[in-house]
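J.: Have a look at this one before I ask anything.
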Amino acid sequence: LRGRTWIAGFIFTRCPSTCPALTARMRDLSARLEDAGLDVTLVSISVDPMHDTPEVIARWAREQSLPTSRWLVLTGGVEATRSLVRQGFLLALDDAARENPEMLLHDTRLVLVDRELAVRGYYDSADPARMNQLVEDARGLAR
């Protein structure tokens, strides 16, 4: 992703509550970015890599009708994912209850990342004002 402006969100495919809402908000964000002509990539990263294999992720992305030319859905190893979320993005992740999807807790903020892989901002995905700010901030970085 080096060399691209991108926005990260954290989900897992068997999430019963926050992830479907976050994905819907990211879908709206994708449309807004495209309408504005902004070259910004969306990235959903699974916080449940034990379940969310590449095959599961690919099927989920198809079921969600995600615009895969602009939106990546990623999974990885358990320790790499934990480290990425906690140390890389400095976000909360409580994966102790991994076997019960309703108990897997993670941050629902979106993260704006610049072309040099530096985090440029955190945005509450449920706050329309913050989502508007995210579009504006992404516009500045995508130029």
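The values are calculated or read from the model by the stated rules, or taken from the named source; none is laboratory data. Note that the coordinates shown come from a computational prediction; the quantities given were computed from them, not determined experimentally. Glycine also receives a Cβ, built like all others from the backbone with ideal geometry; neighbour counts cover every protein chain displayed. Surface accessibility is based on the protein's heavy atoms, side chains included, excluding ligands, DNA and RNA. Shrake-Rupley method; radii C 1.70, N 1.55, O 1.52, S 1.80 Å.
J.: Could you give the length gained by full extension between A58 and R143, i.e. 0.36 nm per residue of separation minus their alpha carbon distance, to one decimal place?
T.: 27.5 nm
J.: Continuing with this model, one more query. Tell me the Kirkwood hydrodynamic radius of the chain in angstroms, computed as one over the mean inverse distance between distinct C-alpha pairs.
T.: One decimal place: 15.2 Å for the Kirkwood radius.
J.: Please report, as a whole percent, how much of the solvent-accessible surface of the chain comes from carbon and sulfur atoms (probe radius 1.4 Å).
T.: Carbon and sulfur together cover 50 percent of it.
J.: Counting only heavy atoms of the protein chains, get the accessible area per residue of the chain (1.4 Å probe) and round it to a whole Å² value.
T.: 50
J.: Also: Assuming R0 = 30 Å, what is the FRET efficiency of E34 and L105, from their Cβ-Cβ distance, to the nearest 0.05?
T.: 0.45
J.: Now for a different question. To the nearest 20 debye, what is the magnitude of the charge dipole of the chain about its Cα centre, counting +1 on the Cβ of each Lys and Arg and -1 on the Cβ of each Asp and Glu?
T.: Here the chain has a charge dipole of around 380 debye.
J.: Hey, another quick one. Take peptides 3-16, 65-78 and line them up by average Cβ neighbours within 10 Å, highest first, as a rough protection proxy.
T.: 3-16, 65-78
J.: Label-point separation (nm) for Q133 and S83, each offset 7 Å from Cα along Cα-to-Cβ?
T.: Result for the modelled spin labels: 3.2 nm.
J.: Oh, and also: Residue separation times 0.36 nm, minus the C-alpha to C-alpha distance between A118 and R4: what's the value?
T.: Stretched out fully, the A118 to R4 stretch lengthens by 39.9 nm.
J.: Of L93, H51, W6, which is farthest towards the positive pole of the stretch 1-99's charge dipole, taken about the Cα centre with +1 and -1 on the beta-carbons of Lys, Arg and Asp, Glu respectively?
T.: W6
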